[in-house]
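Note sheet for the following structure.
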Amino acid sequence: MRVQFHGLLFDLAADWVDATGDLPAGSPPTLVRPTGVGALQFSVARYSGGKHPHVSLVDLQDMLGRHCDSLTRDFGAHTVSDGDIDKVGCVSFEHGETLAIWYLSNGRDVVLVTYCAMGTRDPEISKELAESKLMVETIDF
C-alpha cells in the first residue's frame, strides 16, 4: 500500500505500523511490526532555501562512508542505486545486532533510514530487513 509518512511517499509493507507516538519526544519517525523484532527509523533533512545543494550520488556515498566509519562495526559492501532518487546503503551483522543504513536524495533533500534489530540470525530479522529494503527502494519525496 502506498502511504505518506512524515513527508515521504513509499510502499508500506504489510503489518508495519507507525510507532513514533509510543517513543520519547524527539524520536525520529519510526515503523515497526507489532509482533516484530526491529524498527525502521527515518531522519529527513529538507532543503528550505538558499543555495541549491545539488546532493549527488558521490555525496551520499561520502555521507554513508563517514557514518559507517564512526561506528565500531564492520559493514558489508555498499549498495548504490541512481535515478530520480539516488540511494546508497549497507548492512552490519555484529555485536549481536543487525543494523542497516541507507542515505537517499532527490538532489535537494536527504533522508537517512536505519533498520535495527537485536540479533543476527533470527528469521524474523531476515524478513523485516528484506521488507525494509523494499520500502526504502520505493521512497519518493
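Some notes on this structure:
- Scoring Lys87 on the criteria (1) of a type in the set (Lys, Arg); (2) free of Cβ contacts under 8 Å to residues at least 40 places away in the same chain; (3) buried (at least 19 other Cβ atoms within 10 Å of the Cβ) leaves a single failure, condition (2).
- Residue ID - farthest from Cys116 (Cα to Cα), chosen from residues in the range 17-54 that are assigned to a loop (DSSP other than H, G, I, E, B) and in contact (Cβ under 8 Å) with a residue 60 or more places away in the chain: Tyr47
- Residue match in the range 43-58 (condition: touching a Cys at 6+ places or on another chain (Cβ under 7 Å), among the aliphatic types (A, V, I, L, M) and at pLDDT 95 or above): no
- In the set (1) assigned to a helix (DSSP H, G or I); (2) of a type in the set (Ser, Thr, Tyr); (3) in contact with a strand residue (DSSP E or B) (Cβ under 7 Å, 6 or more places away or on another chain), the condition left unmet by Ser126 is number (3).
- Extreme residue, farthest from Ala100 (Cα to Cα), among residues of the range 29-47 that are open to solvent by less than 80 Å² (accessible area, probe 1.4 Å) and β-branched (Val, Ile, Thr): Val44
- Set Gly26, Gly50, Gly21: member being open to solvent by 60 Å² or more (accessible area, probe 1.4 Å), at positive phi and more than 18 Å from the chain's Cα centre (by Cα): Gly50
- Residue in the range 81-103 that is in contact with a helix residue (DSSP H, G or I) (Cβ under 6 Å, 6 or more places away or on another chain), at pLDDT below 95 and part of a loop (DSSP other than H, G, I, E, B) present: yes
The values are calculated or read from the model by the stated rules, or taken from the named source; none is laboratory data. Computed from a predicted structure; not experimentally measured. Heads up, the Cβs are rebuilt from the backbone with ideal geometry, glycines too, and the neighbour counts pull from every protein chain shown. Surface accessibility is based on the protein's heavy atoms, side chains included, excluding ligands, DNA and RNA. Shrake-Rupley method; radii C 1.70, N 1.55, O 1.52, S 1.80 Å.
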